[in-house]
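Below is one structure, written out as structure tokens; comments come after it.
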Amino acid sequence: MAEGQSLNQGVSIELSSPAFDQAKKGDDGISKAYFPTDQTSPQVDVYSPITNEQGSVIGIIKSQVTLNTLTQIFSRLNLGKDGVAYIVDDEGQIISHPQAAKIANQHVSILGRPVVNKLLKGGYASLQPIDHYYTNESNVPVVSSSNLISSLKWVAVVEQPESKVFGQLLLTRNLLLVGMAIGLLLLVVIALAISNGLAGPIMELKSSAKRIQQGDLSSRLQIHTGDELQDLAGSFNAMANELQEREAHLQQTNSSLKLERDRQETLLQSLTDGVLAVDGSGQILLFNKAAEVITGIIVNQAVGRSIDEVVHFFNDTTLLPLSQYSDQQDEFKLQLHQRGLTFRRGRISVPVSLTVSPIVPQGRSTSGWVVSFRDMTKEHEFEAMKLDFVSMAAHELRTPLTALRGYLSIIQEETEKILPEPVRVFLNRSMISANQLASLVENLLNVSRIERGVLKVDLVPLQIESMITETLTNLMEVARQNQIQLTFDQPEKSLPPAMIDRFRLAEVLTNLVANGITYTKRGGWVKVSLQLKEHQLITSVTDNGEGIPAASIPHLFTKFYRVQASLAQGSKGTGLGLFISKAIVTAHHGTIWVDSKEGKGSTFSFSIPVATDEEIKSMGRSA
Amino acid sequence: MADAKRILLVEDDLFIREMYQHIFAKEGVILEVAEDGQEGIDLAEAGQYDIILLDIMLPKKSGIEVLTALRKPEAKSLKTPIILLSNLGQASVIKEAFRIGADGYLLKTDLLPRQVYEKVSDFLAGKLTKEDMLASQSVD
């Protein structure tokens, strides 16, 4: 018996019904729900058998149960604000519903609803998803679910308005969208925060790295994020410091290298030897000024090209394959000095000597070659002219002296009228000194020849007279400047020729006359005379000068001996003139001597033998 | 040298070259110059000079070679007087120069620039002969 069910009292004859029949068989039977006329809510009859001890049915208790209670229970079911649960019997009548009006006495059958009829006929499995959606009797689209109470053939239905069910869903969806939007917003905010906190420093790092790449090594990072980025910035700055130091060191090294290179370059360019350097493959790396002068090839035409293409050195007619020398390794050094070695280019042919040296960096193999070559024109000329060392030296010493004296003379000439007195004197002294130097050079060279026994005289039969006349002509100006009267006492009749070297003998005479002028006071005289005595032609130079102390006379013809000169300021001799004169006279098979009295004057004489007929015949008369 | 004379100086030494150029220019004579033997030949053969002053120790071609080239029968300068102006005073060289056809041989060291000018000037004026144009001293 259901709790709280009231019992209708009264007695009646019970008609047979399936429920009653069931009770008679010993099982509880429950009737269909029905609506008693005096009741608003349906009720059911429950038949309960009464059995004896043997189990036979001896009576049946009939209870009438209203479904109010059930309705109340259903109405208490919490199905949200709008959800309802109700019960339908097998005829589609609502027998329990929270809203009393909906209950079956309204005679509304909802058997048409699939959730009811399909369930009744085929069980839950026969329901399709679509069956759960329909519009209910109140014209409200709903979602429902149902369950069969099989013993009563009732169907319990639960309905929720669709709007509520999906409203929740919509709400959820909207919530989700809003959530997503908020999420996105948050992401943006976080991204901004990250970009400020992480990307900012990284950008700074990047731009700093770029500045460093562009050469601004002073670029440093200021990152104080307190995290790995700061560590990174620290490392970066340390790297930049290191780079800056290395750069500074490098620059220092560079500038000292450059200085060294400039020095080397200057040295190289100032060499009179042509120098060119080639790399291992024979390509020209360097071509100095002298190389340009000797070859006539300018540096731009040479550098970067193959040595064999640019310069052609020949050994007689054979082309020297210069690039092949670079195949040679180690200590190989080639030196070619032989005659016939020439540089050729078009019509130009320059005699050269050649040196090829490897460039061997310390502890490494050959990295290139230096070819140096010298213009041998002059050397070959000297050689061709059979000139000895002294002749070469003479030439090389005379050239700068020529320029020195030449320019001094030009300065004297051009400034004569404008220079103040002391400066003019100084300039004159410079000139005198240059002349002395020139004279000393000539004399020293002669001494050298005399001592080596190579002083040569080229003897030809000549009238000494003409030599004297010519020499004195050249000395007249000097005599005039010193206010000395220079005269030649010509012999009355023509004298025979002697075998003489015209120039050498003129040098002797010049020496003697110059000495006479030097050691004679202004207003004095120097006389030259020539006489024939015992097949000797005697030339004498007499002056009325101060004379020579007797003690000096034995030393007069020795090297570097000089009598103290009290006159002719600046006309200091070299002490070599008489020594050389004696040597020259001796070479002419003659003698030289002096007669002198201190305070009276001196006479220097030299004798040259008269030429024999044989000598004259063999030599012929020379102009 | 009243009428403009064309003079070629073949001299490799810049100082000496300019020294002579200066002194000649003062007298109104422009010295044309060649700096080496080859240039000397080229200029001599290209121009009509009244006289050529020729050094001996020259790059590329020596003065003796230049002289030889200019004294070839086909040389245009065959008739142009050539005075050697050198510091080489060796008698054998002087002889050789005259043998080839030099018209004079002066030692630079013996003469101041003005004296060189005067000698050349007088020679051109016909006042000096070949013998006068011989070095007054030869010590080599």
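The table that follows gives values for the structure above.
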item: Selection count, the range A:435-492, where residues are aliphatic (A, V, I, L, M), more than 18 Å from A:VAL526 (Cβ to Cβ) and not in a helix (DSSP H, G or I); result: 6
item: Number of the condition not met by A:SER151 [criteria: (1) free of Cβ contacts under 8 Å to residues at least 40 places away in the same chain; (2) loosely packed, with under 11 Cβ neighbours inside 10 Å]; result: (1)
item: Lone unmet requirement of (1) closer than 30 Å to A:LEU334 by Cβ; (2) out of contact with any strand residue (DSSP E or B) (no Cβ under 7 Å at 6 or more places or on another chain); (3) within 9 Å of chain B (Cβ to nearest Cβ) for A:GLU379; result: (3)
item: A:LEU567 being of a type outside the set (D, E, K, R), closer than 21 Å to A:ALA506 by Cα and at pLDDT below 85; result: no
item: Unmet requirement for A:LEU401, which otherwise passes all of (1) under 59 Å from the mean Cα position of the chain (by Cα); (2) facing another protein chain (nearest Cβ under 8 Å); (3) at pLDDT below 85; result: (3)
item: Conditions (1) in contact with a helix residue (DSSP H, G or I) (Cβ under 6 Å, 6 or more places away or on another chain); (2) over 30 Å from A:LEU232 (Cα atoms); number of the one not met by A:LEU176; result: (1)
item: A:VAL360 being modelled with pLDDT of 75 or more and not hydroxyl-bearing (Ser, Thr, Tyr); result: no
item: Residues satisfying the stated conditions in the range A:419-459, i.e. within 12 Å of another protein chain (Cβ to nearest Cβ) and out of contact with any helix residue (DSSP H, G or I) (no Cβ under 7 Å at 6 or more places or on another chain); result: A:SER439, A:GLU442, A:LEU444, A:VAL454, A:LYS456, A:LEU459
item: Long-range neighbours under 7 Å by Cβ, at least six apart or interchain, first residue more than 15 Å from A:THR558 (Cα to Cα) within the range A:441-468, second of a type in the set (Lys, Arg); result: A:LEU455/A:ARG449; A:VAL457/A:ARG504; A:PRO461/A:ARG621; A:LEU462/A:ARG502; A:MET467/A:ARG502
item: Sole exception among (1) surrounded by 11 or more Cβ atoms within 10 Å (Cβ to Cβ); (2) within 30 Å of A:ASP375 (Cβ to Cβ) for A:PHE236, by number; result: (2)
item: Residue check, A:THR469 more than 23 Å from B:ASN87 (Cα to Cα), within 14 Å of another protein chain (Cβ to nearest Cβ) and hydroxyl-bearing (Ser, Thr, Tyr); result: yes
item: Exclusive hit being touching a residue at least 40 places away in the same chain (Cβ under 8 Å), in contact with a strand residue (DSSP E or B) (Cβ under 7 Å, 6 or more places away or on another chain), surrounded by 15 or more Cβ atoms within 10 Å (Cβ to Cβ) and of a type in the set (Val, Ile, Thr), set A:VAL275, A:VAL310; result: A:VAL275
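The values are calculated or read from the model by the stated rules, or taken from the named source; none is laboratory data. Given the structure is predicted, the values throughout are model-derived calculations rather than measurements. Cβ atoms come from the backbone with ideal geometry, glycine included; neighbour counts cover every protein chain shown.
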